[in-house]
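Notes follow once the structure below has been shown.
Every number in this text was worked out from the coordinates using simple rules, so none of it is lab data. Note that the coordinates shown come from a computational prediction; the quantities given were computed from them, not determined experimentally. Glycine also receives a Cβ, built like all others from the backbone with ideal geometry; neighbour counts cover every protein chain displayed.
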Amino acid sequence: MIDETHDPSAISWVESANDAETDFPLANLPFGIFRHDFEERPRVGIAIGDRVLDCLSAVQGGLFSGLDPAVRDAMASWTLNPLMALGRHDARDVRRVVHRLLRTDTPEGNRAHAVAADILASTDSIGMRVPAEIGDYTDFYASVFHATNVGSMFRPDNPLLPNYKWMPVGYHGRSSSIVASGTAVRRPRGQTVASPEGPPVVTPSSRMDYELEIGAYVARGNRQGDVIALSHAEEHLFGLCLLNDWSARDLQQWEYQPLGPFLAKNFATTVSPWVVTLDALEPFRVPAFARPAGDPAPLPYLDDAADRTRGGFGITLEVWLRTAAMRAAGLPAECLSRGSFASMYWTLAQMLTHHASGGCNLRPGDLMGSGTVSGPERGTRGCLLELAWRGQSPVTLSTGETRAFLHDGDEVTLRGRCERDGYRGIGFGPCSGELMPPLA
């Protein structure tokens, strides 16, 4: 649904929003939750250039008077869950109103500009929070390239298990340890083994890794026992973020059989603070991944003509690494990989539909992770396990340092951006975390 909010010629009175390099032009307007340094109460915010629209102040100033009262109440909340529960239609209304408020050529924009000091916050004076109260978190395994690479390390003759091309494979994660970008992450301890048979010892993980993923927040949920048709799945998706599924590979190798990831992944998951709506991403829709000849067609409940035509998203994703030595020397981070979310075998709509297909009730604010985003070439691999091939081919940095797995003091930053001729480029902002030593 392309509309005036995607107009590349629209100019904002927030000057930084007109910079061609900003992640947050008028065409984006992502939602987040922030807190002023001088108060405890979090607020709904909308990113615009290097500023944040304070939605509580905008409500109190009457700038949202044209919105439904329930929507105004949601915009004055301390979490995005109420807006997510209302659904994408109401969030779309907010987007259109805010777009007019921040433009130079509208009466609404003139009125908002006059009170800019009251409704805008500087990113330097606020702290960002996890944008929703996440009741449940599910992580998928939707990149066939990632699944094939990892499978070939352990099962060279049969990398993909028989179910992979029939359904989106996933596991239930831990919502309590999801943290916002900028939060330090402690290296976990756990059981590791020197040989597959054991015995184990308890030690800090020596094979810490990141995983480059997209996260998707649920909007309207479904009642327990109900299913969500693929044709309606995207009305239940509010928006996307970047997600780093930190992983302790040595713990994972010992514990994952027979029930899958547990302590290796429940200690921390980092999300970017801004939620980019599906409406903002509309110009960057692409066809779903083209399955190679010989692959099975999805079962009927996972197949829909519209999803095949436009179920993917053309998001370029990058991983950047800055070591402690780089920081000490004043050197910038280095890009380790660059891939595309368009390479995913399963679409987000298919993941959501499959998740609810057995009657599982999804709720507003629930989070789905895509699984590691990897492509067919080495430079598109979304984790060190693949890049360094289980430690056999360490990555060499410009400083001469090498990385088979992460070291304490390493800062990992994920970035995502969409570009298309005829439209303003939009981005997600950084998703960063520094790995810290384990507690004594």
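Summing charges over all other residues whose Cβ lies under 15 Å from the Cβ of SER272, with Lys and Arg as +1 and Asp and Glu as -1, gives -3. Taking other residues whose beta carbon is less than 11 angstrom from the beta carbon of TYR141, and scoring Lys, Arg as +1 and Asp, Glu as -1, yields -4. Seen from all directions on average, the range 290-440 presents a Cα convex hull projection of 13.9 nm². Roughly how far apart, in whole Å, are the Cα centres of the range 94-132 and the range 370-388? The range 94-132 and the range 370-388 have Cα centres separated by 37 Å. For the range 209-360, the equivalent ellipsoid built from the Cα gyration tensor has semi-axes of 31, 21, 17 Å, listed from largest to smallest. The charge dipole of the chain, taken about its Cα centre with unit charges on the Cβ atoms of Lys, Arg (+1), Asp and Glu (-1) only, comes to about 600 debye. Extension gain, ARG308 to ASP124: 0.36 nm times the residue separation minus the Cα-Cα distance gives 62.0 nm. Near CYS431, the amide H atoms lying under 5 Å from its own belong to LEU414; only residues 5 or more places off or on other chains count, and H is placed 1.01 Å from N. The stretch between VAL286 and GLU133, if pulled fully straight at 0.36 nm per residue, gains 52.0 nm over its current Cα-Cα span.
Sorting 195-201, 278-284, 79-85, 210-216 by their mean Cβ neighbour count within 10 Å, with the most densely packed peptide first, gives 210-216, 79-85, 278-284, 195-201. The ratio of the alpha-carbon radius of gyration of the range 311-364 to the globular-protein estimate 2.2 N^0.38 Å is 1.83. Projected label points at SER340 and ASP105, each 7 Å from Cα along the beta carbon direction, are separated by 3.2 nanometres. Annotation: amide H-H contacts under 5 Å for VAL130 (H modelled 1.01 Å from N, sequence separation of 5 or more, or interchain): ALA180.
Spin-label model, GLU4/GLU235: points 7 Å from Cα along the beta carbon direction are separated by 2.6 nm.
Placing +1 on each Lys and Arg Cβ and -1 on each Asp and Glu Cβ, with no other charges, gives the range 200-291 a dipole about its Cα centre of roughly 120 debye.
Put in order of Cβ neighbour count within 10 Å, fewest first, the listed residues PHE31, PHE267 become PHE267, PHE31. When the charge dipole of the chain is built from unit charges on Cβ atoms (+1 for Lys and Arg, -1 for Asp and Glu) and taken about the Cα centre, the candidate among HIS172, PRO82, SER340 whose Cα reaches farthest toward its positive end is HIS172. If you fit an axis through the alpha-carbon atoms of helix 88-101 and take the longest principal axis of the Cα set of the chain, what angle between them do you get, 0 to 90°, nearest 10? So the inclination is approximately 50 degrees. Overall, the range 4-129 carries a charge dipole of about 400 debye about its Cα centre when +1 sits on the Cβ of Lys and Arg and -1 on the Cβ of Asp and Glu, all other atoms neutral. Across the chain, the mean sequence separation of Cα contacts (distance under 8 Å, 6 or more residues apart), normalised by length, yields a relative contact order of 21 percent.
The value obtained for the chain, namely the Cα convex hull volume divided by the number of residues, is 154 Å³ per residue.
Extending 7 Å from Cα along the Cβ direction at MET153 and again at TRP78 yields two label points whose distance is 4.2 nm. Counting other Cβ atoms within 10 Å as a rough exposure proxy, the listed residues ARG415, ARG155 run ARG155, ARG415 from fewest neighbours to most. Each Lys or Arg adds one and each Asp or Glu subtracts one; over the other residues with Cβ under 10 Å from the Cβ of LEU367, this totals -3.
Could you work out how far the C-alpha centroid of the range 33-75 sits from that of the range 144-195, in angstrom? Taking the Cα centre of each part, the range 33-75 and the range 144-195 sit 37 Å apart.
Between GLU419 and MET436, the contour length at 0.36 nm per residue exceeds the alpha carbon distance by 2.7 nm. The amide H of LEU242, built 1.01 Å from its N in the peptide plane, has GLY215, SER272 as neighbours under 5 Å, considering only residues 5 or more places off or on other chains.
Helical content of the chain, expressed as a calculated mean residue ellipticity at 222 nm, amounts to -5000 deg cm²/dmol (DSSP H runs of 4 or more residues, -39,500 (n - 2.57) each, divided by residue number, nearest 500). Principal-axis analysis of the Cα atoms of the chain puts helix 144-154 at an angle of about 20° to the longest axis.
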